[in-house]
Amino acid sequence: MVSRTGVGRLVIIVAFAVVFAVAGIVLFVVFPASLADLIGVLLALAVAAVGVRIAGNIASSVFPSYNVAEVAVDGPISRDGGGGSLPSSPGSTPADDIVDQIDRADEDGNVEALLVKLNTPGGEVVPSDDIRLAAERFDGPTIAYTTDLCASGGYWIASGCDELWARDASIVGSIGVIGSRVNASGLADKVGLSYERFAAGDFKDAGTPLKDMDDEEREYLQGLIDDYYETFVERVSDGRDLEAELVRETEARIYLGEDAHEMGLVDELGTRRDLEDELADRLATDEVAIETFEPPQPLMRRVGTGARGIAYAFGAGISGLAEDRGFRLRT
């Protein structure tokens, strides 16, 4: 069944095509008798093609082909899309680009609702929060949904949306933070390396892998992780309307979608079609037309899909703090 919008677009395009075709024939075939018929026909067709293009643009503005925008967060979340200290993933998108697309959808008068597609193990803290804030700013219904993986920083982003949808077998959760460092002091001793400190500030080199940590440094770094964790709990508690104690009780576990739904970590279970049907009801329309908002992709980012580390499948995430010292912080 063809919609009224589709009929309107078709009428405009056909009308313009006919007008421009007739104009082309008159200008290049009938009027200048000295021109060869073949050249005239070709020019007429060219004019008609230009007319169809112009008509298509006009029809798109008068009868928009979409009323819902979709923005995807795919792969590890980082500022530049390369994963930072995480292995590079060609499928990931820079966080700033995702924010730009959400803002573009918000400014588009045709867009009535926003879908945030999440398939991510998490990523860096501030880029994740930037995407969450962009989703919060969107003026209209915002629904996050995942088919495979919404963990860690992905759940952080979902806390900025009105709802979170998942499938029964989706992996959801990992609401936690982890810090790690490589202690290479023993190896350094074996190969004859030593660490000589030149720093101003007692904690400037906290976590440096070539020296052992003392209790004071360990307490300091653990305090940073605890602060990030409390921020994470607060974001989820406020955004998802959950008790903070319930969030803490998850102990950063991951859950299948069905279990997450029972706990209140997920609002609805369903397929993409279920979600579109629900959106149509909420927007009081016969159909939902979804437009994917995505930035232009450089050639190298489009080449290949790459392989993500197995740790990503269970929600490894946020890195970046004191990376140059060998200390890594992740959700």
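Readers should treat all values here as calculations from the given coordinates under stated rules, not as data from a laboratory. The structure displayed is predicted, hence computed values, not measured ones. All Cβ positions, even for glycine, are placed from backbone atoms using ideal geometry, and neighbour counts span all protein chains on display.
If the chain linking Leu193 and Asp103 were pulled fully straight, counting 0.36 nm for each residue of separation and taking away their Cα-Cα distance, it would gain 27.3 nm. For Leu149, nonlocal amide neighbours, meaning residues 5 or more places apart or on other chains whose placed amide H falls under 5 Å from its own, are Thr120, Ile171. A full extension of the chain between Asp215 and Asp277 corresponds to an added length of 16.7 nm, given 0.36 nm per residue minus the alpha carbon distance.
Ranking Phe232, Ala206, Tyr220 by how far each Cα lies toward the positive end of the dipole of the range 188-242 (charges on Cβ) leaves Ala206 at the top. In straight-distance terms, cross-link reach from Lys190 covers every one of the lysines whose alpha-carbon lies under 18 Å from its own, apart from those fewer than eight places away in the same chain; here that gives Lys211.
Subtracting the Cα-Cα distance of Asp259 and Ala200 from their residue separation scaled by 0.36 nm leaves 16.2 nm. By the gyration tensor of its Cα atoms, with a ≥ b ≥ c the square roots of the eigenvalues, what is the shape of the range 214-285: rounded for a/c under 1.5, prolate for a/b over b/c, or oblate? Prolate. Each residue of the range 233-238 is assigned a 3J(HN,Hα), and the resulting list reads 4, 5, 4, 5, 4, 6 Hz, derived from the Karplus form 6.51 cos²θ - 1.76 cosθ + 1.60 (θ = phi - 60°), x at Gly and Pro. Ranked by the mean number of other Cβ atoms within 10 Å of their residues, highest first, the peptides 243-250, 150-157 fall in the order 150-157, 243-250.
Label positions at Leu246 and Gln222, each projected 7 Å from the Cα along the C-beta direction, are separated by 3.0 nm. Residues Val126, Val233, Val266, Val191, ranked from the fewest to the most other C-beta atoms within 10 Å, line up as Val191, Val126, Val233, Val266.
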